[in-house]
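Student: Can you keep this structure in mind? I'll have questions shortly.
The values are calculated or read from the model by the stated rules, or taken from the named source; none is laboratory data. On a predicted model such as this, the values are computed, not experimentally measured, just so you know. Glycine also receives a Cβ, built like all others from the backbone with ideal geometry; neighbour counts cover every protein chain displayed. Just so you know, the surface numbers come from the protein's heavy atoms only, side chains and all, with ligands and any DNA or RNA stripped out. Shrake-Rupley method; radii C 1.70, N 1.55, O 1.52, S 1.80 Å.
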Amino acid sequence: MVMEKLRYERPVITTLNAGVTNKFGTKSLHAPVSTIDGVSVKEIIAKYGSPVFIISERKIRQTYREAYRAFATRYPKVQFAWSYKTNYINAVCNVFHQEGAWAEVVSIFEYQKALKNGVEGKNILFNGPEKTDDDLKTAIQHGSVIHIDHLDELYQIIELSDTLKVRPRVAIRVNMDTGIYPMWDRFGFNYESGQAWDAINKIMLTDKMDLVGLHCHIGTFMLSANAYAIAANKLADLALGIIQKHKKTLEYLDLGGGFASKNTLKGSFLPGTDVIPSFDDYAEAICSTLLNAGFTRENLPLLILETGRALIDEAGYLAASVIANKRLSDGRRAIVMDAGVNILFTSFWYDHRISPVEQAGSQTENTVIYGPLCMNIDILRESVTLPLLKKGDHVVIHTVGAYNMTQWMQFIAMRPNVILIDEKGQTHIIRNRETVEDLNKMEEMPEHLKSFKLS
Ligand SMILES: *Cc1c(COP(=O)(O)O)cnc(C)c1O
């Protein structure tokens, strides 16, 4: 047997970090992640290229069921609606739809995606501040509920209902003080100032549409479960006011999204897993508030949740490769990776977990991680302790399932393959990597610019 020559490790002097120490030293935080759901990361990269996004179907279903159970055991009528903008790759959406989630969309593009995926209009909730006449007509004709964002939209729907001779199904979005600042008061109608009640009265007394629900989405990555109790209380107050004044029972209260995922915000002292509320915490806050609000069994509204990031973040991984090692002028170690901020938008606010794929030496060093872009902002991480990775080594960046595959940009580089590992451990491409042909297909060359001569 021929032993592989040991890799040379340059000696360095580093300060010791206080940590949980036992007689064997400090616990290694750098256990390699060589498989995901039992599938070899190196084999995935060999087959689908690097970088590559990897989504675990098993993890999506497991997380969804955990969230659903937290609510359904505490409240008799619960419905989730998958927030398309969080990850609208069709295969991902369909995993959620198979689990029973409706669709929550914030643009006509997302609306069309949901329809195409086979979601019926009545199971699509249409949010967002921008809806054109055509968008609204489409939603009304399909029987979707339109979540009205502002008075101009309300008047627009009144006008349309006259010409379409259909009664649109609507809800209003309510914003409110939940003790979390800055307040998200740019969307919807304010509760405290009476705007929301004013919009409700306008809808009820104009009698051109059916008010079927109330909606709020109080923020995102909310670390306070109590904020949801306050929101639920304020929505319930409006709903009970509608029963009292207009003798009308709403079908649902929609508490929106915003539950934190198991990620760590930049600047956070403790890792996200230690500080974020669980689904049970959020569910307890919301459900007990609604159950105690004063509804009877007959008029208890359906509880809708539009949870996005907390349902998908953990199911997403990005596998990438080391392109080069560098020593910066101030002595810091740096590596250049083939994945940058262009495809990992959330690295602007999260400290993602970054793990080597191969077993590396026990020596570690604080490392700056750069992406491949020829642009100064392309820093995946300012400082992270990593083993001494060499060119060609791989890493897995974890908890990246939310927002990266929708907010990524085609800048300098192409967007990579996205693959799904199904519950049997089979891998499937669910979004093909972009090619230069894909991009050129969208461009046109005016006749007079078609030729040139260089000397
Ligand atoms: C973005 C959004 C969601 C999902 O938010 P998360 O923070 O990902 O849970 C839900 N509802 C609305 C209206 C949204 O805009």
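Student: Whole-Å semi-axes of the chain's equivalent ellipsoid, largest first, each the root of 5 times a Cα gyration tensor eigenvalue?
Tutor: On the way: eigenvalues 410, 157, 76 Å².
For the chain, the ellipsoid semi-axes come out as 45, 28, 19 Å.
Student: If you line up the long axis of helix 151-164 against the longest principal axis of the chain, both from Cα atoms, how many degrees apart are they, to the nearest 10?
Tutor: 60
Student: For Thr406 and Asp152 in the same chain, what is the full-extension length gain: residue separation times 0.36 nm, less their Cα-Cα distance, in nm?
Tutor: On the way: separation 254, 0.36 × 254 = 91.44 nm, distance 2.85 nm.
Extra length from Thr406 to Asp152 when fully extended: 88.6 nm.
Student: In what order, largest first, do Val275, Val33, Val78 sit by accessible area if the probe radius is 1.4 Å?
Tutor: On the way: Val275 65, Val33 40, Val78 15 Å².
The residues order as Val275, Val33, Val78, largest area first.
Student: Still on this model: If you fit an axis through the alpha-carbon atoms of helix 279-291 and take the longest principal axis of the Cα set of the chain, what angle between them do you get, 0 to 90°, nearest 10?
Tutor: So the helix axis and the longest Cα principal axis differ by about 10 degrees.
Student: For the ranges 284-297, 227-240, 146-159, 323-336, what's the packing order if you count other beta-carbon atoms within 10 Å of each residue, average per peptide, and put the highest first? All intermediate terms of the calculation are to be shown ahead of the outcome.
Tutor: Values: 284-297: 16.7, 227-240: 21.9, 146-159: 19.0, 323-336: 12.9.
Sorting 284-297, 227-240, 146-159, 323-336 by mean packing, highest first, produces 227-240, 146-159, 284-297, 323-336.
Student: Could you put Ser383, Ser107 in order of accessible surface area, largest first, with the 1.4 Å probe and the full protein assembly present? All intermediate terms of the calculation are to be shown ahead of the outcome.
Tutor: Numbers: Ser383 65, Ser107 35 Å².
Highest to lowest solvent-accessible surface, that is Ser383, Ser107.
Student: Leaving out same-chain residues fewer than 8 places away, which aspartates and glutamates sit with a Cα under 16 Å from that of Lys234?
Tutor: Within the straight-line limit of under 16 Å, Lys234 reaches these aspartates and glutamates: Asp177, Asp185, Glu192, Asp198, Asp254.
Student: Could you point to the residue in Phe221, Met209, Val95 farthest towards the positive end of the stretch 57-313's charge dipole, with +1 and -1 charges on the Cβ of Lys/Arg and Asp/Glu respectively?
Tutor: Val95
Student: Just going by the charge dipole of the chain, with Lys and Arg at +1 and Asp and Glu at -1 on Cβ, which of Asn233, Leu389, Ala283 is farthest out on the positive end?
Tutor: Value computed over the given set: Leu389.
Student: Here's something else I'd like to know. Place +1 on the Cβ of every Lys and Arg and -1 on the Cβ of every Asp and Glu in the chain, take the dipole about the Cα centre, and give the residue among Leu250, Ala260, Pro129 whose Cα lies farthest towards its positive end.
Tutor: Ala260
Student: Taking θ = phi - 60°, what integer Hz values does the Karplus form 6.51 cos²θ - 1.76 cosθ + 1.60 yield along the stretch 327-335, in sequence order, with x for Gly and Pro?
Tutor: Here the 3J(HN,Hα) series is 10, 6, 5, 8, x, 6, 7, 9, 10 Hz.
Student: If you don't mind, another one. Pop out the carbon and sulfur fraction of the accessible area of the chain as a percent, whole number, probe 1.4 Å. If you can, show how the numbers build up before the last one.
Tutor: Details: 12010 of 22630 Å².
Carbon plus sulfur share of accessible area: 53 percent.
Student: For Glu365, which sequence-distant residues (separation of 5 or more, or a different chain) have an amide H within less than 5 Å of its own amide H, given hydrogens modelled in the peptide plane?
Tutor: Distant-sequence amide H within range of Glu365: Leu386.
Student: Here's a follow-up. Calculate, for the stretch 246-295, the solvent-accessible area per residue in square angstrom, rolling a 1.4 angstrom probe over the heavy atoms of the protein chains. Each step should come with its number before you reach the end.
Tutor: Numbers: 2160 Å² over 50 residues.
On a per-residue basis, 43 Å².
Student: Write down the Å³ per residue value for the convex hull defined by the alpha carbon atoms of the stretch 57-313. Write out the running numbers ahead of the final one.
Tutor: On the way: hull volume 31.3 nm³, N = 257.
With only Cα atoms used, the stretch 57-313 gives 122 Å³ per residue.
Student: To the nearest 20 Debye, how big is the dipole of the chain about its Cα centre, given +1 on the beta carbon of each Lys and Arg and -1 on that of each Asp and Glu? It would help to have the intermediate numbers written out before the result.
Tutor: Working: 50 positive and 52 negative charges, 242 e Å.
For this selection, approximately 1160 debye.
Student: Could you list which residues have their amide H under 5 Å from that of Glu358, counting only those 5 or more apart in sequence or on another chain, with H placed in the peptide plane?
Tutor: Here the answer is His394, since their amide H atoms fall under 5 Å of that of Glu358.
Student: Turning to a different aspect of this structure: Using only helices, what value at 222 nm comes out for the chain when you add -39,500 (n - 2.57) per DSSP H run of length 4 or more and divide by the total residues, to the nearest 500 deg cm²/dmol? Mind dumping the intermediate values first?
Tutor: Values: 13 runs with 129 residues, N = 455.
Result for the chain, helices only: -8500 deg cm²/dmol.
Student: Let me ask something additional. Using alpha carbon centroids, what distance separates the stretch 131-191 and the stretch 246-267, in Å?
Tutor: For the stretch 131-191 versus the stretch 246-267, the Cα centre distance is 17 Å.
Student: Karplus couplings for the stretch 66-77 from phi (6.51 cos²θ - 1.76 cosθ + 1.60, θ = phi - 60°), rounded to Hz, Gly and Pro as x?
Tutor: Values, residue by residue: 5, 5, 4, 4, 4, 7, 5, 7, 10, 8, x, 10 Hz.
Student: Could you give me the ³J(HN,Hα) list for the stretch 99-107, computed from phi with Karplus coefficients 6.51, -1.76, 1.60 and θ = phi - 60°, whole Hz, x at Gly and Pro?
Tutor: 6, x, 6, 6, 10, 10, 10, 10, 7
Student: Over 19 Å between Cα atoms: which of Lys202/Lys247; Lys59/Lys116; Lys113/Lys137; Lys85/Lys113; Lys208/Lys247 fall into that group?
Tutor: Working: Lys202/Lys247 15 Å; Lys59/Lys116 25 Å; Lys113/Lys137 17 Å; Lys85/Lys113 11 Å; Lys208/Lys247 17 Å.
From Lys202/Lys247; Lys59/Lys116; Lys113/Lys137; Lys85/Lys113; Lys208/Lys247, over 19 Å: Lys59/Lys116.
Student: Quick one: dipole size for the stretch 57-313, taken about the Cα centre, charges +1 on Lys/Arg Cβ and -1 on Asp/Glu Cβ, in debye to the nearest 20. Provide the component values of the computation, followed by the final result.
Tutor: Working: 28 positive and 31 negative charges, 124 e Å.
Dipole of the stretch 57-313, to the nearest 20 debye: 600 debye.
Student: Quick one: which residues, 5 or more positions from Leu302 or on another chain, have an amide H under 5 Å from its amide H? H modelled 1.01 Å from N in the peptide plane, none for Pro or chain starts.
Tutor: HN-HN under 5 Å from Leu302: Tyr252, Leu253.
Student: Given a 1.4 Å probe, how much area per residue of the stretch 103-179 is accessible, in Å²?
Tutor: Each residue of the stretch 103-179 exposes 41 Å² on average to a 1.4 Å probe.
Student: Compare Met442, Met337 by solvent-accessible area with a 1.4 Å probe and give them largest first, with all protein chains kept in place.
Tutor: Output order, biggest surface exposure first: Met442, Met337.
Student: By its C-alpha gyration tensor, with a ≥ b ≥ c as the square roots of the eigenvalues, how is the stretch 312-455 shaped: rounded for a/c under 1.5, else prolate for a/b larger than b/c, else oblate?
Tutor: Values: a/c = 2.28, a/b = 1.37, b/c = 1.66.
Oblate, because a/c is 1.5 or more while a/b does not exceed b/c.
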